[in-house]
Amino acid sequence: MPKTPSAADRLLAGQEFAPVVLGGDRLGYSLARSFDLGYGYRTLVVSTMLGGPVAHSSLIDHHIVPSLQDPEGLVTELRALATGIGPEKKLLLATTDHVVSVLARIKHRLEDLYVIPYAEPELIDRLSRKENFADLCAELDIPHPQTVVYDVGERPDLTQAMAALTFPVIAKPSNAEAYAAVTFPGKKKVHSAADAAELRALIDALHGAGYRDKFILQDVIPGDDQGMRLLTCYVDKQGQVKFAAYGRVLLEEHSPETLGIPAAILTGTDHEAVAHATRLLEHVGWRGYANFDMKFDPRTGRTVFFELNPRLGGTSFYITAAGFNTVQLYVDEWVRGQDLSDRPMLEASHEHVFTAIPLRLLQRYVTDPAVRPSFDRAVKAGEVTNPWFYKAERHPRRWAWIAANQANYVRKYREHYPEPKALV
């Protein structure tokens with residue numbers, strides 16, 4: 001029988017609470033940096049491998065598990081792990097939609113050991129399905145692209161389905177878990193189809209690979225990456241939105257495996273978008289953080305909502321960088337038990353540039369005359385943060401990885417997106 005570690009030997013000993021993060025990706029590192037900035041605390045990252053985003057970090061202890069997606073195995077691993085963690089209060093977070101969904105389904109079996117600040121599993125699963133989110137937007141009169149839900153398993157008449165759309169169209173999976181389980185040549189996170197023949201070829205490839213769930217086909221909103229928008233909101237335990245942080249995407253990633261992930265963001269305000277998101281989140285009874293993907297439609301002058309992610313986004317360090325530490329609300333309400341009901345709603349407004357890529361590379365892609373003055377002003381004022389560059393990091397191999405990461409971005413943009421261009 002393994003010996004229980006003494007108090008002095010336990011992980012994160014001496015801290016008021018222990019941040020435990022499921023996922024060693026960019027969000028895992030961003031959360032660890034936020035906990036270090038806000039509280040001077042180390043974070044325990046639990047993942048299936050020690051990847052570059054968290055490897056050799058001075059902020060992180062690491063624990064390897066066989067899987068983050070097996071509910072039974074995860075319960076066993078986390079309950080055993082808890083005995084080796086020093087602080088009594090352990091805040092458990094996850095970094096991907098699927099792991100959040102798994103964690104929400106098993107949280108009743110872990111809440112005696114961990115604080116788990118997520119909405120109920122039924123609500124997460126409902127709103128994470130893109131067709132359900134589209135229906136909710138229609139119900140609440142929230143701007144949303146023309147959307148067709150196509151069942152790849154049943155394969156109804158595609159010609160009839162396409163009648164409601166104008167090409168080109170965006171095509172993306174409704175069920176991220178089912179999509180992750182299939183492979184086929186040319187697979188991307190998000191596909192675009194220039195015409196009916198290209199869309200038919202994609203549906204054939206999906207069916208041939210074994211995907212049997214629904215695919216979302218949407219109208220393409222004109223414009224390049226600079227039209228994309230982000231909105232992150234926090235809902236307290238009483239169901240009231242207490243915080244919102246809006247950002248204009250300056251550039252997305254364009255490698256096939258990371259296509260669509262924001263690479264750079266300029267923070268700002270959009271009161272109308274915040275009002276729409278607040279109405280939706282309070283209507284459904286959301287709790288905790290939610291992250292919205294949106295895009296400005298130059299044809300209507302409105303920002304349309306694409307989807308909801310049931311967690312902080314992978315690039316949510318844009319909020320901490322702009323002056324509001326995202327983990328503070330988790331700690332205040334869920335760890336320290338503070339009642340937020342009397343706090344006024346806070347909408348972040350400080351302009352700041354978040355960029356995961358070299359600034360000189362980013363500058364050539366910021367071409368929108370509506371945003372360039374704000375961008376230049378922030379850069380001139382030194383309001384720029386790269387999430388990877390952090391003086392608290394000490395290990396030489398950590399800095400070697402950061403240098404390689406930045407050089408690799410230059411190569412990838414040269415190969416996959418040499419010049420800014422619109423989708424249509």
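Looking for something of a type in the set (D, E, K, R), modelled with pLDDT under 95 and closer than 30 Å to D70 by Cα - is there at least one such residue anywhere in region 169-177?
For region 169-177, residues of a type in the set (D, E, K, R), modelled with pLDDT under 95 and closer than 30 Å to D70 by Cα: present.
Return the only residue of R311, R336 being closer than 29 Å to V21 by Cβ and within 17 Å of the chain's Cα centre (by Cα).
After applying the criteria, what remains is R311.
Anything in region 57-77 that is touching a Leu at 6+ places or on another chain (Cβ under 6 Å) and farther than 23 Å from A400 by Cα? List them, or say none.
Within region 57-77, just L68 meets the criteria.
Would you call L280 farther than 26 Å from G38 by Cβ, part of a helix (DSSP H, G or I), hydrophobic (A, V, I, L, M, F, W, C) and in contact (Cβ under 8 Å) with a residue 40 or more places away in the chain?
Yes: the conditions hold for L280.
Report, by residue number, each residue of region 159-179 that is surrounded by fewer than 14 Cβ atoms within 10 Å (Cβ to Cβ) and in contact (Cβ under 8 Å) with a residue 24 or more places away in the chain.
T159, T166, listed by residue number.
Residues checked against (1) at pLDDT below 95; (2) small (G, A, S):
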| residue | (1), (2) |
| --- | --- |
| L259 | yes, no |
| G268 | no, yes |
| W286 | no, no |
| T315 | no, no |
| T320 | no, no |
| V335 | no, no |
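Would you check which residues across region 343-358 are open to solvent by less than 20 Å² (accessible area, probe 1.4 Å) and either modelled with pLDDT under 95 or assigned to a loop (DSSP other than H, G, I, E, B) (or both) and list them?
Once the filter is applied, which keeps residues that are open to solvent by less than 20 Å² (accessible area, probe 1.4 Å) and either modelled with pLDDT under 95 or assigned to a loop (DSSP other than H, G, I, E, B) (or both), region 343-358 yields H352, A356, I357.
Before we move on, is G24 part of a loop (DSSP other than H, G, I, E, B), crowded, with 22+ Cβ neighbours inside 10 Å and not aliphatic (A, V, I, L, M)?
Yes; evaluated as a whole, the condition is true for this residue.
Do we have L329 as within 30 Å of N132 (Cα to Cα) and in a helix (DSSP H, G or I) here?
So L329 passes the test.
What pairs come up if the first residue lies in region 218-246 and is free of Cβ contacts under 8 Å to residues at least 60 places away in the same chain, the second is assigned to a strand (DSSP E or B) and of a type in the set (V, I, T), and their beta carbons are under 7 Å apart, counting only those six or more places apart or on different chains?
Close Cβ pairs (under 7 Å, with a partner that is assigned to a strand (DSSP E or B) and of a type in the set (V, I, T)) amount to C233/V241; V235/V241.
For region 183-241, which strands (runs of 3 or more DSSP E) that fit wholly inside it have 1 or more residues that are more than 30 Å from V327 (Cβ to Cβ) and open to solvent by 10 Å² or more (accessible area, probe 1.4 Å)?
The strands (runs of 3 or more DSSP E) meeting that bar are 191-193, 214-219.
Considering only residues that are among the acidic types (D, E) and under 21 Å from P262 (Cβ atoms), look in region 278-309 and name the one that is least open to solvent (accessible area, probe 1.4 Å).
D297
One line per residue, one yes/no per condition, for (1) modelled with pLDDT of 95 or more; (2) closer than 23 Å to L259 by Cβ; (3) more than 22 Å from the chain's Cα centre (by Cα):
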| site | (1), (2), (3) |
| --- | --- |
| Y365 | yes, yes, yes |
| P373 | yes, no, yes |
| D376 | yes, no, yes |
| N386 | yes, yes, no |
| Y390 | yes, no, no |
| R398 | yes, no, yes |
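Look through S58, S67, S30 and report the one residue that is touching an Asp or Glu at 6+ places or on another chain (Cβ under 6 Å), modelled with pLDDT of 95 or more and among the hydroxyl-bearing types (S, T, Y).
Result of the check over S58, S67, S30: S58.
Name the residue that is surrounded by the most Cβ atoms within 10 Å (Cβ to Cβ), counting only residues in region 137-158 that are in contact with a His (Cβ under 7 Å, 6 or more places away or on another chain) and either modelled with pLDDT under 90 or of a type outside the set (G, A, S) (or both).
Here the answer is V152.
When the residues of region 310-342 are filtered to those that are under 22 Å from P87 (Cβ atoms) and touching an Asp or Glu at 6+ places or on another chain (Cβ under 7 Å), which remaining residue is most open to solvent (accessible area, probe 1.4 Å)?
Among those that are under 22 Å from P87 (Cβ atoms) and touching an Asp or Glu at 6+ places or on another chain (Cβ under 7 Å), it is Q338.
Working carefully through the options T83, T147, find the one that is in contact (Cβ under 8 Å) with a residue 24 or more places away in the chain, under 30 Å from R10 (Cβ atoms) and among the hydroxyl-bearing types (S, T, Y).
T83
Any idea which of (1) closer than 22 Å to E393 by Cα; (2) more than 17 Å from the chain's Cα centre (by Cα); (3) not in a helix (DSSP H, G or I) is the one L37 doesn't satisfy?
Going through (1) closer than 22 Å to E393 by Cα; (2) more than 17 Å from the chain's Cα centre (by Cα); (3) not in a helix (DSSP H, G or I) one by one, L37 breaks only (3).
Looking at region 117-136, which of its residues are part of a helix (DSSP H, G or I) and surrounded by 21 or more Cβ atoms within 10 Å (Cβ to Cβ)?
Hits for region 117-136 are I124, L127, S128, K130, F133, A134.
The values are calculated or read from the model by the stated rules, or taken from the named source; none is laboratory data. If you're wondering where the values come from, they're calculated on a predicted model, not measured in any experiment. Here the Cβ is made from the backbone with ideal geometry for all residues, glycine too, and neighbour counts use every protein chain on show. Areas reflect the complete protein model, heavy atoms only, side chains present, ligands, DNA and RNA absent. Shrake-Rupley method; radii C 1.70, N 1.55, O 1.52, S 1.80 Å.
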